[in-house]
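Note sheet for the following structure.
The values are calculated or read from the model by the stated rules, or taken from the named source; none is laboratory data. No experiment lies behind these values; they were computed from the predicted model shown. Please note: Cβ atoms are built from the backbone with ideal geometry, for glycine as well, and neighbour counts cover all protein chains shown.
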Amino acid sequence: MITELGHFALILAFLVSLVQMVMPLVGAHKRWPGWMAVAEPAATLQFLLVASSFAALTYAFVVSDFSLKLVYENSHSAKPMIYKISGVWGNHEGSMLLWVLILALFGACAAWFGTNIPPTLRARVLAVQSSVSAAFYAFIIFTSNPFTRLSIPPIDGTDLNPLLQDPGLAFHPPFLYLGYVGLSICFSFAVAALIEGRVDAAWGRWVRPWTLAAWIFLTIGIALGSWWAYYELGWGGFWFWDPVENASFMPWLFAAALLHSAIVVEKRESLKSWTILLAILAFGFSLIGTFIVRSGLLTSVHAFANDPVRGKFILYILLFFTGGALTLFAARSNVMESKGVFGVVSRESALVVNNILLAVSSFVVFVGTMWPFVAEMLFDRKLSVGAPFFNMAFTPFMVVLGLILPVGAMISWKRGKLDRVLRSLTPAFGLAIALMGLVWAMQTGRSLMGPIGVFLGTWIVAGAVTDLIGRTGQSRDFSRLLRLPRAEWGKAVAHAGLGITMLGIAGLLAWQEEDIRVAHIDEPWTVGDFEFTLLSVNRVQGPNYNSTMGEVRVTTDGREIAVLNPEKRVYPVAQMPTTEAAIDYRVMRDVYVVIGDPQDNGGWVMRIYIKPLANWIWAGAIIMALGGCLSLSDRRYRIAAGARKSAPAQGVPAE
């Protein structure tokens, strides 16, 4: 009964989305207040209905209702409760229901918290947002219905993919979806502004909090996914340039560019056309990522579906919304005339360079991701584009971005003085050079990656600190820092987080040590500064798996620092093995141990990694997200564009 109600609520949400798509749009065009007013309650009702539908599906997973095909294919009665719940979105149909839930959530939030937005613009934003929702409701109902019943309910299910039965994967998809689905509201603001015929400083202030919120969630989601791949897959890496990883990374790059570009619109009323284009492309690349993951176009260890019919439907959605928005952008380009002018040496120019680097680097990732498909389709050649290409093509853009970031963050608006900024940053530059020289001296004979990464990371972190210290004035009154707007603190913290992540990536890639061998019980071996001893290997019964668990003692200078338990699990229901790495996490390094298959001579294959600064990668990402949260909590964002409440601001040019 509950699942039928959930199915009915999903269909009702689809019908409400059609009403919300049409009536406010017509009302805004005709200036009919009653029709425009439909948008807010419709957005709330749509969210409540799809939330009820999602709750009904969750209930089916929790109680193991195997009469639902989706529950049968992605759950099992012996699974721990957390994985029964995460199984709701650990599949194609359930994840798409989560997708539309988040679409409806952002639309409802725009209705609840957008009271300072002029009624016509608000009505159009909610109508455009609902049009995206309607397209995906249709996709779910007609091609990916999560409430399909089985005529004869089986006794038990076939279990969730064991790789997804992990705490990291329980939280990774919701945060990721909140990020790149959240970019839909930025898209809606862009299209609504094009229809409205006005892009001004107030629009820049309205769109920034939504972009910032989506970027924060996307940052956390990507970090969780990277951390999961690091410890769960057993490969020891943090990023593999997998198509699904790239599908979330490309919108993140565009969102970062949009966030900085919107600042220029708000402060200087410049870069209007570029900012609107970024808002369209950011969500457009989210749709491209959805298409990649669900069409079967490209293979991945964590792709959701391999169904050309579904892929075509998503492709039509992508072409309609992205193509339609770009067409509207071209037709309305005359309404986006920039008012502010600025010199070559200015913060505006630095942000333009920032935007170009981020956008071009995203296109580089896109080309590398899609090239195997293009080569096979056009040239009948099977190619693989891996980490060497991405590292070579993508890294230079990030190096240049890191070099200009501290300077751009401190230079003045409109017309800056470069020499004054460089003098202020001299201590930061000196510290970065000194640490680079120290690392170079300590790692004689190795690559330049480590020293350059240390220089860039230190330069960015020290530059962020210098920026804050500069706010204390010549008298160095540090009490001024307590009175700084939270957005300024957020900027400095986010930039410092990026520097810390760069330090972590450089340290891990440049100085990682790896050892693969056949180990025997009680026979120690050495890797780097550490001695390892395989003490025992035991069979362990888990709640829904069988495990081969090793016990490895790790010592250094004769002192025991850890006893690690790497595992190789087999899930009997899914008939699938997984590797569970054992990791000793420390601030300056990780010791990473993986157990492999038994050998004929009684030994076991062991893989050992020593990973310097590995945790700095995810710590930096969390610090970046914290910086975003500080900015989002700024009072100027909470009140949005309150100054635009006057009656004349609610009108629009004649259309």
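Before moving on, here are some points about what is shown:
- Filtering the range 250-273 for residues that are on the phi > 0 side of the Ramachandran plot, surrounded by 23 or more Cβ atoms within 10 Å (Cβ to Cβ) and not acidic (Asp, Glu) leaves a non-empty set.
- Scanning the range 138-181 for residues that are of a type in the set (Ser, Thr, Tyr) and not in a loop (DSSP other than H, G, I, E, B) yields 143, 177, 180.
- Hey, residue 47 of a type in the set (Phe, Trp, Tyr), surrounded by 21 or more Cβ atoms within 10 Å (Cβ to Cβ) and free of Cβ contacts under 8 Å to residues at least 40 places away in the same chain or not: no
- Near pairs, Cβ below 8 angstrom, 6+ apart or cross-chain, from the range 368-387 (over 19 Å from residue 249 (Cβ atoms)) to any residue that is assigned to a helix (DSSP H, G or I) and among the charged types (D, E, K, R): 382/376; 383/376
- Flag if residue 403 is part of a helix (DSSP H, G or I) and modelled with pLDDT of 90 or more: yes
- The set of residues in the range 140-165 being in contact with a Leu (Cβ under 8 Å, 6 or more places away or on another chain) and not aliphatic (A, V, I, L, M) consists of 146, 147, 148, 149.
- Residues of the range 75-97 that turn out to be surrounded by 22 or more Cβ atoms within 10 Å (Cβ to Cβ), in a helix (DSSP H, G or I) and among the hydrophobic types (A, V, I, L, M, F, W, C), as a count: 2
- Cβ-Cβ under 8 Å pairs, at least 6 apart or on other chains, the range 224-250 side in contact (Cβ under 8 Å) with a residue 12 or more places away in the chain and farther than 18 Å from residue 619 by Cα, far side of a type in the set (D, E, K, R) and in a loop (DSSP other than H, G, I, E, B): 232/166
- Residue within the range 505-523 that is outside the structural domain of residue 554 (by TED's automatic domain parsing), at pLDDT 90 or above and surrounded by 21 or more Cβ atoms within 10 Å (Cβ to Cβ) present: yes
- Residue within the range 458-470 that is under 30 Å from residue 568 (Cα atoms) and free of Cβ contacts under 8 Å to residues at least 12 places away in the same chain present: no
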